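Coordinate-derived values only; no laboratory data. These numbers were taken from a predicted model, which means no experiment stands behind them. We place every Cβ from the backbone using ideal geometry, glycine too, and count neighbours over all the protein chains shown.
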Amino acid sequence: MKKNSIITTANLDDIDMLVQLFENYRLFYGKNQDTEKATKFLKERLVNNESVVFIAKDYENPSIGLGFVQLYPSFSSVSMKKIWILNDLYVEEKARRKRVASQLMEKAEEFVEQSGSEHIVLETAIDNKNAQCLYEKIGYLKETNFYTYELVLPRK
């Protein structure tokens, strides 16, 4: 199979490419573009080691970003272990169905396992069937024992 991407750990040298991918991700979810805020947000996560981001770059032209996955650390009180929240997964439309998402997910899994953490948790939109198919295909189980609640602050 032809290799179409290189997966690396994102750092500040990748910030422009990462911001563009991040902005496209946010647009996908109906958010307005704000490159200045996105740049600040991502730089803070990377500089403060508050997240781990893996970025997929085009194999033949590594200056082209194809997608990214972002993980945030958390903890499970029940297991008393560190866990990782897979908060963001995005692949550019032109790179979809070319195993880029699978490669990003494999890299995330490898990282979490090497960190000694217990598991990865993620959420996806109910109507995001493509993502659900990917997650289930690679072994993720849909949680049916818990509901997710959200409180948006400040209250209106």
Starting from the amide H of Ile64, placed 1.01 Å from N in the peptide plane, find each other amide H under 5 Å away whose residue is 5 or more places distant or on another chain. Asp58
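Looking only at region 32-156, where both bridge partners belong to it, what percent of the DSSP beta bridges are antiparallel (to the nearest 5)? Intermediate results must be reported in sequence, preceding the final value.
Working: 16 of 19 bridges.
Counting only bridges with both partners in region 32-156, antiparallel ones make up about 85 percent.
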Here, GluC sites (Glu not before Pro) of region 33-86 satisfying both criteria (DSSP loop; at most 13 other Cβ within 10 Å) are Glu50, Glu60
Take the chain, connect every pair of alpha-carbon atoms lying under 10 Å apart with a spring to form a Gaussian network, then pick out the residue of Ile15, Ile64, Ile55 with the largest mean-square fluctuation. Ile64
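For Asn11 and Lys156, calculate 0.36 nm times their separation in residues minus their Cα-Cα distance, and state this gained length in nm to one decimal.
The Asn11-Lys156 span can extend by a further 48.4 nm.
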Among [x] 0.92; [y] 0.96; [z] 1.03, the entry matching Rg/Rh (Cα atoms, Kirkwood Rh) as calculated here is [y]
Before rounding to the nearest 500, sum -39500 (n - 2.57) across all DSSP H runs of length at least 4 in the chain and divide by the residue total; then give [θ] at 222 nm in deg cm²/dmol. -10500 deg cm²/dmol
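Taking the Cβ of each residue in Val47, Val52 as the centre, tally the other Cβ atoms inside 10 Å and list the residues starting with the fewest.
Working: Val47 10, Val52 20.
Listing Val47, Val52 from fewest to most nearby Cβ atoms yields Val47, Val52.
Which of the trypsin sites (Lys or Arg not before Pro) found in region 1-47 are loop residues per DSSP with 14 or fewer other Cβ atoms within 10 Å of their Cβ?
Numbers: sites: Lys2, Lys3, Arg26, Lys31, Lys37, Lys40, Lys43, Arg45; in loops: Lys2, Lys3, Lys31.
For trypsin sites (Lys or Arg not before Pro) across region 1-47 that sit outside H, G, I, E and B with at most 14 neighbouring Cβ atoms in 10 Å, the list reads Lys2, Lys3, Lys31.
Just tell me the longest site-free run in the chain, where the sites are chymotrypsin sites (Phe, Trp or Tyr not before Pro) in a DSSP loop having at most 10 other beta-carbon atoms within 10 Å.
On the way: sites that count: Tyr29, Phe146, Tyr147, Tyr149.
The longest uninterrupted stretch comes out as 30-145.
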Interchain or sequence-distant (5+) residues whose placed amide H lies within less than 5 Å of the amide H of Ser5 are Tyr59
Starting from 0.36 nm per residue, how many nanometres of slack lie between Lys137 and Glu123 once their C-alpha separation is accounted for? 3.5 nm
Estimated vicinal HN-Hα couplings, Hz - region 119-132 in sequence order (Karplus 6.51, -1.76, 1.60; Gly, Pro = x): 6, 10, 10, 8, 10, 8, 5, 4, 8, 8, 5, 4, 5, 4
